[in-house]
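Engineer: Have a look at this one.
The values are calculated or read from the model by the stated rules, or taken from the named source; none is laboratory data. Remember, it's a predicted structure, so these values are computed and weren't measured experimentally. Here the Cβ positions follow ideal geometry from the backbone for every residue, glycine too, while neighbour counts run over all protein chains shown. Remember, those area values only see protein heavy atoms, side chains included, never the ligands or the DNA or RNA. Shrake-Rupley method; radii C 1.70, N 1.55, O 1.52, S 1.80 Å.
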Amino acid sequence: MSVASATPSSPAVLALRSPGVARLLGLSMLARAPETVLALLFLLRTRDLGGSYALGGAVSGAAGLGMAFGAPVLGKAIDRVGQPVVLVLSVALAAATMLGAALLPDGTPGWVLLPFALVAGASQPPVAPCVRAMFGRIVVDPGVRHAALAVEATVQELTFMLGPLLFVSLIAAHDPALGLGVAAIVLAAATVVFASGPESRAMPASGVRRTAGAGPLRRPAIRALLAISFGLGTMFGATELAITASAEEAGTPGAVGLLLAAYCVGSLIAGLATAHRGPWRSPERALLLLVLACTVGHGLLALAPGLWSLGLVLVLAAAAIAPLFTVVYSLCGQLAGEGTVTEAFTWLGSGLFAGTAAGAAVGGLLVAASGPPAAFLAAAVAVGAAGVFVLPRRATLRPPA
């Protein structure tokens with residue numbers, strides 16, 4: 001009697017069993033974890049050297065500014081000359097700069113960290129865009145590719161949980177210099193191993209210097225996705241600041257970590273569920289519906305009467321985030337022009353970074369003037385406005401047959 005071997009029916013399982021996918025996701029999570037806390041690590045290092053919170057904010061902002069503007073430059077270089085050389089050179093500069101900032105002697109003025117933060121931010125290796133670009137080549141089946149991108153969006157949430165826990169709570173809280181140094185070593189090791197893999201070395205390079213105006217932003221679809229990315233970043237910045245202010249107003253600042261974890265968990269669970277379903281028949285329609293869900297969910301945060309209810313609503317509000325990122329990344333991979341895919345993904349990251357900075361700034365003003373509910377409403381308005389911008393342009397987001 002023959003026994004039929006069981007075959008996995010879940011697209012997520014198929015995605016993780018695809019050659020190289022699980023290893024690439026694991027390495028990318030390690031490589032991206034330092035990036036998620038880079039600005040915070042530089043803020044803590046500034047305070048460690050005796051700098052004020054105002055100066056720490058400026059140094060932290062310099063790191064964020066560097067990441068926002070440096071990523072597209074590196075993405076363009078990767079599309080031209082390939083992943084390995086750009087990733088290795090950029091991580092060498094980033095790690096050296098971070099280690100240099102960690103090794104500054106006591107008594108060094110805090111403002112000295114400004115150029116270190118700017119360079120470290122600008123040279124962060126764009127590992128996440130590289131992974132997404134790879135999936136477009138190494139995962140052939142559209143359903144499995146959708147699942148791989150959904151799992152990648154879930155890994156993104158895990159990274160935002162792992163980074164603060166490992167580098168801030170366990171290390172930098174006791175020694176900011178050590179936290180920055182360990183982050184540099186982890187970043188360098190994971191990126192070099194990632195860039196040395198066969199998938200990275202096999203990614204094609206155009207070898208052609210593009211003329212001005214020939215990049216991915218010339219396409220209306222990529223500009224629409226950039227608007228969504230900026231709206232999401234603004235939503236994140238305002239929401240995280242409002243969460244912090246809510247915990248402080250309640251007299252329990254230690255609850256911030258738990259509330260942020262609830263925010264991540266909601267997205268993580270939804271991301272895993274998205275990985276188990278097939279691609280949307282109409283991704284541009286799914287994108288607008290998920291934007292609407294984000295808008296409504298974050299608007300409800302303003303009505304939460306206490307921290308317990310806020311935590312529950314945070315789980316619900318975040319349930320659309322990972323699925324929305326899955327749609328955005330899938331459309332970007334399909335609609336970016338040949339030879340511009342990596343740069344297109346890095347532009348989405350830049351929009352996210354810039355939006356987060358804007359959301360934090362606006363959220364801070366609103367909290368000071370009216371309290372946390374106003375910042376939660378601003379988060380909802382930001383992502384909703386992005387959806388309104390995209391609505392008349394939705395036809396440009398229709399993937400080719």
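Engineer: Apply the a/c threshold of 1.5 to the C-alpha gyration tensor of segment 310-355 and tell me whether it is rounded, prolate or oblate.
Structural biologist: oblate
Engineer: On alpha-carbon atoms, Rg over Rh for segment 230-293 using Kirkwood Rh?
Structural biologist: For segment 230-293, the value is 1.10.
Engineer: What are the ³J(HN,Hα) couplings of segment 371-386, residue after residue, when phi is run through the Karplus curve with 6.51, -1.76, 1.60 and θ = phi - 60°? Round to Hz, x for glycine and proline.
Structural biologist: x, x, x, 5, 5, 4, 5, 5, 4, 5, 4, 4, 6, x, 5, 4
Engineer: Which whole-Hz ³J(HN,Hα) couplings does segment 291-296 yield from phi under the Karplus relation 6.51 cos²θ - 1.76 cosθ + 1.60, θ = phi - 60°, glycine and proline marked x?
Structural biologist: 4, 4, 4, 4, 5, 5
Engineer: Could you rank the peptides 179-189, 163-173 by their average count of other C-beta atoms within 10 Å per residue, with the highest value first?
Structural biologist: Packing order, densest peptide first, comes out as 179-189, 163-173.
Engineer: Could you give the C-alpha radius of gyration of segment 159-308 expressed as a fraction of 2.2 N^0.38 Å, taking N as the number of residues it contains?
Structural biologist: Dividing the Cα Rg of segment 159-308 by 2.2 N^0.38 Å gives 1.38.
Engineer: Report the convex hull volume per residue for segment 246-344, counting only C-alpha atoms, in Å³.
Structural biologist: 113 Å³
Engineer: Sticking with this one: Ignoring ligands, DNA and RNA, what percent of the 1.4 Å accessible area of the chain is carbon and sulfur?
Structural biologist: 70 percent
Engineer: Would you tell me the accessible area of ILE138, worked out with a 1.4 angstrom probe on the heavy atoms of the protein chains, in Å² to the nearest 10?
Structural biologist: Counting only protein heavy atoms, the figure is 60 Å².
Engineer: Under the classification rounded if a/c is under 1.5, otherwise prolate if a/b is larger than b/c and oblate if not, where does segment 319-395 fall, given a ≥ b ≥ c as square roots of the Cα gyration tensor eigenvalues?
Structural biologist: Verdict is prolate for segment 319-395.
Engineer: Stick to the Cα atoms of segment 1-101, pair each with every other, and give me the Kirkwood hydrodynamic radius in Å at one decimal.
Structural biologist: Result for segment 1-101, one decimal place: 16.9 Å.
Engineer: While we're on this one: Given the C-alpha atoms of the chain, compute the convex hull and give its volume per residue in Å³.
Structural biologist: Expressed per residue, the convex hull around the Cα atoms of the chain is 153 Å³.
Engineer: Work through the residues other than VAL91 whose Cβ is under 15 Å from its Cβ and net out their charges, Lys, Arg +1 and Asp, Glu -1.
Structural biologist: 0
Engineer: May I pose another question? Which whole-number value in Å² is the accessible area per residue of the chain, probe 1.4 Å?
Structural biologist: 42 Å²
Engineer: How would you rank 25-32, 140-147, 318-325, highest first, on the average number of other Cβ atoms within 10 Å across their residues?
Structural biologist: Final packing ranking: 318-325, 25-32, 140-147.
Engineer: What ranking do 190-198, 287-295 get when scored by the average of other Cβ atoms within 10 Å per residue, highest first?
Structural biologist: 287-295, 190-198
Engineer: Suppose we look only past 22 Å in the calculated P(r) of segment 128-236. What percent of the Cα-Cα pairs does that tail hold?
Structural biologist: In whole percent, the long-distance tail amounts to 55.
Engineer: Follow-up. Mind running the shape call on segment 45-162? Use the C-alpha gyration tensor, a ≥ b ≥ c as the square roots of the eigenvalues: rounded below 1.5 for a/c, prolate if a/b tops b/c, oblate otherwise.
Structural biologist: prolate
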